[in-house]
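Report on one structure; see the data block that follows.
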Amino acid sequence: MTLLAQVAPTAGGTAEVVVFWVFAVIALGSAIAVISLRNVVHGAVMLVLNFLSIGGLFLTLESAFLSVIQVLVYGGAIMVLFLFVIMLLGVDRDDLLQADLRTRVLAIAGGALLAGAVLFAFVGPYTSEASVCGPDAPAPGPGEVACAGLAEAYDEDDGAGARFLGRSLFTTYTYPFELAALLLTVATIGAVILARRRDLEPEDEDLADLDAAAADDLDGDDLDGASGAAAERHVAGDGPGTTERGG
Amino acid sequence: MVLAQDATTLDVPDVAWSSFAPELLLTAAALVLLLVAIARGRQLLVAAPTGVVAVGLGVWLVSTDVVVPGAVAIVWGLALPAAVFAFPHRGSLVQAWGAGVALAGALVLTGWQFVTVLGDGAGGMTPQSALAGALANDGIAFFTRITVYLTALIVLPLGYGYLRDRRINRAEVEPLLLLAVVGMAALGTANDLITLFVALEVLSLALYVLTGLARRDRRSQEASLKYFVMGAVASAILLYGMALMYVATGSLSLPTIGSVVALAGTNQLVSALGLALVTVGIGFKVALVPFHLWTPDVYQGAPTNITAFMAAATKAAGFAAVLRLYLVAFPGLQGLWAPVLAVLAAASMLYGAYVALVQRDLKRMLAYSSITHAGYATIGVVAVTDAGLSGTLWYLLTYAVSTLGAFGCVIAIERRRRGEVALVDLRGLGRTSPAVAGILALCLLSLAGMPPTAGFVGKFVVFQAGIEAGWTWLVVIGVLSSIVAAFFYLRIAGVMFLETADDDRPLPASSLGLTTGIAVSATLVVFLGVQPQAFLHLADAAAALVR
Amino acid sequence: MEPSTPLWVPVLQTLVVFAYFLLFTALLIWAERRVVGRMQSRIGPNRIGPGGVLQTLIDGVKMFFKEDVTPSMVNNPIYTVAPLVGVIAGFLTVAVIPIGGEVTLFGEEFTLVVADLHVGVLWVLALSSLHVYSTFLAGWASNSPYPLMGGIRSSAQMISYEIAQGLAVASVFVYAGSLRVSDIVAAQAGSGPIAGMPGWYAIPLFPAFVVFVVGMVAEAGRPPFDLAEAEGELVGGFHTEYSGLRFGMFMLAEFMSVVVMSAIVVTLFLGGPSGPTFGLPDAVAWVMPVFWFTLKTAAFVFFFILLRGALPRTRYHRLMDLGWKVLIPVALVWVLVTAAWVLVSEAGGISAATRTWLAVGAGVIVIALLLTGERQTARATDADVDAWDDPDRDDPDRDAKPRAPHDEEVAP
């Protein structure tokens, strides 16, 4: 419990510790359920639960703003869209999730490695005596480990973080903030392009300089026709990453 | 009014407009062009007021002695309504011209930045950091901008006729291209982790969509999906690595991370983990072996002009991020990452060259060649010297112009072949269409690193930096791989000039834009090969970083 | 909670608030049946209790003891959990709504609110966004076409209207400068620019108020926006396969969301429990805020009932058009306008009264734009439906072609 006590020194009370453990167990359990449940919708619902419990964990860190935003954005908006797509496309069949043994073993090994490394790297240093955390923590000396960023957040009086966040966004991080606006614009344009059912009518006539036969089947659709020349051109023998196109 | 007292204490950030003026111009141009596209028949309703505003802004800027940006604004403000007037029923031409003038303006603004804002009067530059440290205007930024803007400027005419040929009639292509360019330039200037990541996503998202432009072509759709899925995974890994870096150092700013990483008190294990994940993520973006798996399929499936853009510009932007991450944020962990990157570079050079050897499809072969070139560029990174830095920047520029020329020729050949261009399609091209064949051969020689082309100077500079930094084995592998690569590049030339054609007809006539684009790239390939001094000097001067 | 507060205070607060809303919901169901009955020239329930007021209680008992049929095809446990989600989300939302002012009891002074969070407004939005899961998952878990359609309809509807509602709420907290519900209520307590005129945000933020009210009808899934359970089209929509107690939970959740939404709009736009106390002695003065709050909320509940009795159900695409093309732009513009003059009036020292008048003026303009905009939307969508048999209707250029043939040359 050292970690919690360090980052939330005002907590102290046992209730907070209980809440932490409850949410921590739910978060871990639901996260495991997300990847182990065979039904996609069940997995998605578990992911919602996971996001909610992460929101709860933010509460134990006294960051109510972050907590509510977590519920609102992840639990409310993103996951609803997620489920919406799953249901609309009817991909809730479990045969999509078949993985062969080799993939499975590799995935488990990789996950365990990452988890182990992260646990080792975090739980070791940040819960030891050498760790320097909390709002009143002095600057870390040699051999000590600082809790990154938390001290900054604790400078704010009400602990809500909303004001701190807003101020950061509009001062220190103006440029990435505006870039993020650009990112959303690009995403919107992309969505419109991909969703539009049909291209515009061709508006110009410089196709005329192509020979007439060629102009007819410029579309990629016809590329798959297995003519002799095409077959010859298809002797693709390269290493991994090759996909043979179905003709 | 709870916030009232606080609102007055908010320190308004100091916005140095000059530091991102080219991107600002391009963003504005992209958004206006989108509006023009939406307006369709009423284009003038958008173009005229925009022009008035732009000219007004330009006049105001000139009157406040900011002459060059003012002039650029005026020119663009006049060009847009002029294009609308000139091509009343050709929306796509308006788009292309609007975007082209904006890109040229961005190049001018970059030069202006270099001369007046960053220049030290003696041809060198003083790096600046702006916008609360989110943005760095230094050598990497300068060279990335030059490469990316130049690439986009050449790709526009290259692709214009091509998209019409393939019946890809989409008004959003040019705006999306411009926004991708903005993302790349922002990646080149990003000096903190958040900006870096968001910029990377801007360009990636735009490229995912551009890759899938040919919606009736299944390969294009497949490429887009593949790129998107793998790119998203890579971004997630990169983000996780960045989060770990933040945990380890408590800062998002790259220079601060650089100074904190070196401290004894820093959690080295977390830093190393973060570094490893960042390497994986960024390795994907620049297509280093073994994170290259997406490259051949995406390069082959994407519309060829987009492939050209991806190969030339994305590589430059990706390596800008690589250079900045490793040279600014992680020099303290040099002992850790330099050997790893060197191994990746060696693997890329050997594997890319080896697999390109057996390719039949020209686009796929160029894709594998781009993997080898990522390896060559990495030599300059692992050198961790100023010479290596400027070598990589210079190398990316030479690679960009060479690959643009090569892909331009592929586009020209595709006019006959309508899709894939296999090796057998090139038979006798030297006799039927000697100009295209000659330029293709020239660009391939440049990619192979033969004198007197730009590619030779590029490789020379990078190898030299590698040897000076003591990476002899890596350079030896680089030379070996160049020899293998030269074989398959020369084989193409052989097929074109020595074999007889099945089809005696010359290629269909190229459009004016295509011809111009190919000619400009070819000229640059020769010019940079014969007269590299001016740009090399620039690259040396640009080896100044915001640290 | 301050450490000195005895445990019974929060327990009492919680009980009082929940009992209040539960009772309100029960009365709403009865009132709805009576009022709609009157509008349809019939009587409505009149047997149990005076005027039939206990009818809801009896219905509840009936549902409780009715056989709870679980079709064999359903996807448990989601089928079982779905009704609970709605009820829980509804109950949790009311936690931040103050139903009255200060109360002094046994020497302890407290407010009639469960938790006055400093992010209270966001809490309301977050929970209303979780409410979607109830209908949505119920529709999916029923494993039946009509419920699935209902679930998909409801999720699309709620997501769309949540955006508009969230933006409307954003202009409230930008204007108030706080996310805390009690601050927002306190900011509306004074009088407006004219003496005697209330300082309610519905006046300066009129467009946001309108957007919120329209949005809340859609969010509660009530007529004329009850597309998710449209009985004429989808049998019962998402709850077709439910019966007994679990169906009762859906009913409770739906009617409760009517009350909760009314309470929210009263709190955010109509001053919440504020109102004159008529110089009553302190001992009973605490009744007045509760009375005012109840009165205002009841007025909105009555509004909901009138809508149900008076309006036919809209078509689905009209619903979406209204949400995306009218409400969201208006709300977005309004947030910008609000933010702009909060800044301007702070910088220029404009008085609160002037500011309100400015706001009202801008509101009139936006509403005028809204009305003209909506007429255009209506025209466009009618054209869509008329063209239903047009084989060319998927063509994005279809609109452009007949209207402006000179726009573009069409290539051969």
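So in region C:84-116, with the set limited to residues that are surrounded by fewer than 22 Cβ atoms within 10 Å (Cβ to Cβ) and within 14 Å of another protein chain (Cβ to nearest Cβ), which one is farthest from C:Ala186 (Cα to Cα)?
C:Leu84
Can you confirm whether region C:47-60 contains a residue that is of a type outside the set (Phe, Trp, Tyr), within 18 Å of C:Leu245 (Cβ to Cβ), in a helix (DSSP H, G or I) and more than 26 Å from the chain's Cα centre (by Cα)?
Yes, because at least one residue in region C:47-60 is of a type outside the set (Phe, Trp, Tyr), within 18 Å of C:Leu245 (Cβ to Cβ), in a helix (DSSP H, G or I) and more than 26 Å from the chain's Cα centre (by Cα).
Give region B:255-305 a look and list any residue that's hydroxyl-bearing (Ser, Thr, Tyr), farther than 30 Å from B:Tyr208 by Cβ and more than 10 Å from chain A (Cβ to nearest Cβ), or say none. Lay out the reasoning, then the answer.
First, pick out the residues of region B:255-305 that are hydroxyl-bearing (Ser, Thr, Tyr): B:256, B:259, B:266, B:271, B:279, B:295, B:299, B:304.
With farther than 30 Å from B:Tyr208 by Cβ added as a condition, the list becomes B:256, B:259, B:266, B:271.
Of everything in region B:255-305, those that are hydroxyl-bearing (Ser, Thr, Tyr), farther than 30 Å from B:Tyr208 by Cβ and more than 10 Å from chain A (Cβ to nearest Cβ) turn out to be B:Thr256, B:Ser259.
Quick test for you: out of C:Met73, C:Met63, pick the one residue that is in contact (Cβ under 8 Å) with a residue 60 or more places away in the chain, more than 20 Å from the chain's Cα centre (by Cα), more than 30 Å from C:Trp123 (Cα to Cα) and assigned to a helix (DSSP H, G or I).
From the options C:Met73, C:Met63, the qualifying one is C:Met63.
Take B:Gly105 and tell me if it is away from every other protein chain (no Cβ under 11 Å), crowded, with 23+ Cβ neighbours inside 10 Å and part of a helix (DSSP H, G or I).
Answer is yes for this residue.
Mind listing whichever residues of region B:159-183 are modelled with pLDDT of 90 or more and over 22 Å from B:Gln43 (Cα atoms)?
Selection gives B:Ala180, B:Val181, B:Val182, B:Gly183.
Looking at (1) out of contact with any helix residue (DSSP H, G or I) (no Cβ under 7 Å at 6 or more places or on another chain); (2) closer than 21 Å to C:Ile159 by Cα; (3) of a type in the set (A, V, I, L, M), find the lone condition where C:Met288 falls short.
All conditions pass for C:Met288, except number (2).
Would you pick out the residues in region B:365-387 that are farther than 14 Å from B:Gly458 by Cβ and surrounded by fewer than 24 Cβ atoms within 10 Å (Cβ to Cβ)?
Of everything in region B:365-387, those that are farther than 14 Å from B:Gly458 by Cβ and surrounded by fewer than 24 Cβ atoms within 10 Å (Cβ to Cβ) turn out to be B:Val384, B:Thr385, B:Asp386.
Just to be sure, is B:Ala543 among the hydrophobic types (A, V, I, L, M, F, W, C) and under 30 Å from B:Thr256 (Cβ atoms)?
Spelling it out, B:Ala543 is indeed among the hydrophobic types (A, V, I, L, M, F, W, C) and under 30 Å from B:Thr256 (Cβ atoms).
Out of region B:243-254, which residues are more than 15 Å from B:Leu333 (Cβ to Cβ) and more than 8 Å from chain A (Cβ to nearest Cβ)?
Passing the criteria: B:Ala243, B:Leu252, B:Ser253.
Which residues, counting only those in region B:112-136, are modelled with pLDDT of 85 or more and not in a helix (DSSP H, G or I)?
The answer is B:Leu135, B:Ala136.
Return yes or no: is C:Val119 within 11 Å of another protein chain (Cβ to nearest Cβ), over 16 Å from the mean Cα position of the chain (by Cα) and among the β-branched types (Val, Ile, Thr)?
Criteria met by C:Val119.
Which residues, taken from region A:33-44, are in a helix (DSSP H, G or I) and over 16 Å from the mean Cα position of the chain (by Cα)? Steps first, please.
We begin by selecting, within region A:33-44, every residue in a helix (DSSP H, G or I); these are A:33-36, A:40-44.
Of everything in region A:33-44, those that are in a helix (DSSP H, G or I) and over 16 Å from the mean Cα position of the chain (by Cα) turn out to be A:Ala33, A:Ser36, A:Val40, A:Val41, A:His42.
Which is aromatic (Phe, Trp, Tyr) and within 21 Å of the chain's Cα centre (by Cα), of B:Tyr208, B:Tyr240?
Testing whether each residue is aromatic (Phe, Trp, Tyr) and within 21 Å of the chain's Cα centre (by Cα) leaves just B:Tyr208.
Tell me which helices (runs of 4 or more DSSP H) are completely within region C:205-291 and hold 3 or more residues being crowded, with 23+ Cβ neighbours inside 10 Å and within 11 Å of the chain's Cα centre (by Cα), or say none if there are none.
C:206-219, C:244-269
Considering only region B:480-503, how many residues are surrounded by fewer than 13 Cβ atoms within 10 Å (Cβ to Cβ) and more than 14 Å from chain A (Cβ to nearest Cβ)? Break it down stepwise before answering.
Let us first name the residues in region B:480-503 that are surrounded by fewer than 13 Cβ atoms within 10 Å (Cβ to Cβ), namely B:483, B:498, B:500, B:502.
The next check asks that each one be more than 14 Å from chain A (Cβ to nearest Cβ); those that pass are B:483, B:498, B:500.
So the answer is 3.
The conditions are (1) surrounded by fewer than 16 Cβ atoms within 10 Å (Cβ to Cβ); (2) within 23 Å of A:Glu178 (Cβ to Cβ), and B:Ser19 fails exactly one of them. Which is it?
If we test B:Ser19 against (1) surrounded by fewer than 16 Cβ atoms within 10 Å (Cβ to Cβ); (2) within 23 Å of A:Glu178 (Cβ to Cβ), just (1) comes out false.
Would it be correct to say that C:Arg38 is among the basic types (Lys, Arg), within 28 Å of the chain's Cα centre (by Cα) and crowded, with 19+ Cβ neighbours inside 10 Å?
It is false that C:Arg38 is among the basic types (Lys, Arg), within 28 Å of the chain's Cα centre (by Cα) and crowded, with 19+ Cβ neighbours inside 10 Å.
Looking at region B:309-319, can you tell me whether even one residue there is buried (at least 24 other Cβ atoms within 10 Å of the Cβ), within 11 Å of chain A (Cβ to nearest Cβ) and farther than 17 Å from B:Leu404 by Cα?
The answer is no; no qualifying residue exists.
Would you mind listing the helices (runs of 4 or more DSSP H) fully within region B:218-336 where at least 1 residues are charged (D, E, K, R)?
Hits in region B:218-336: B:218-249, B:268-286, B:295-301, B:315-324.
Within the group B:Leu393, B:Leu366, which residue is part of a helix (DSSP H, G or I), touching a residue at least 60 places away in the same chain (Cβ under 8 Å) and farther than 18 Å from B:Ala302 by Cβ?
B:Leu393
Give me a count of the residues in region B:141-175 that are closer than 18 Å to B:Gly98 by Cα, facing chain A (nearest Cβ under 10 Å), out of contact with any Pro (no Cβ under 8 Å at 6 or more places or on another chain) and part of a helix (DSSP H, G or I).
Going through region B:141-175 one residue at a time, the tally reaches 4.
If you scan region C:129-138, which residues turn out to be within 8 Å of chain A (Cβ to nearest Cβ) and not aliphatic (A, V, I, L, M)?
Residues satisfying the conditions are C:Ser129, C:Tyr133, C:Phe136.
Only one residue in C:Leu306, C:Leu311, C:Leu322 is within 24 Å of C:Ile152 (Cβ to Cβ), surrounded by fewer than 18 Cβ atoms within 10 Å (Cβ to Cβ), among the aliphatic types (A, V, I, L, M) and under 24 Å from the mean Cα position of the chain (by Cα). Which one?
Working: C:Leu306 fails: within 24 Å of C:Ile152 (Cβ to Cβ); C:Leu322 fails: surrounded by fewer than 18 Cβ atoms within 10 Å (Cβ to Cβ).
That would be C:Leu311, the only listed residue that is within 24 Å of C:Ile152 (Cβ to Cβ), surrounded by fewer than 18 Cβ atoms within 10 Å (Cβ to Cβ), among the aliphatic types (A, V, I, L, M) and under 24 Å from the mean Cα position of the chain (by Cα).
Taking B:Ser402, is it away from every other protein chain (no Cβ under 14 Å), at pLDDT below 90, under 15 Å from B:Val461 (Cβ atoms) and within 19 Å of the chain's Cα centre (by Cα)?
On the way: away from every other protein chain (no Cβ under 14 Å): yes; at pLDDT below 90: no; under 15 Å from B:Val461 (Cβ atoms): yes; within 19 Å of the chain's Cα centre (by Cα): yes.
When the stated conditions are applied, B:Ser402 does not pass them.
Just give me the residues in region A:45-71 being assigned to a helix (DSSP H, G or I) and hydroxyl-bearing (Ser, Thr, Tyr), in sequence order.
A:Ser53, A:Thr60, A:Ser67
Which of the residues belonging to region B:216-255 are modelled with pLDDT of 85 or more, surrounded by 18 or more Cβ atoms within 10 Å (Cβ to Cβ) and among the β-branched types (Val, Ile, Thr)?
B:Ile237
Residues in region B:179-200 that are assigned to a loop (DSSP other than H, G, I, E, B) and more than 18 Å from B:Met245 (Cα to Cα): how many?
Summing the residues that are assigned to a loop (DSSP other than H, G, I, E, B) and more than 18 Å from B:Met245 (Cα to Cα) in region B:179-200 gives 0.
The values are calculated or read from the model by the stated rules, or taken from the named source; none is laboratory data. On a predicted model such as this, the values are computed, not experimentally measured, just so you know. All Cβ positions, glycine included, derive from the backbone under ideal geometry; neighbour counts span all protein chains shown.
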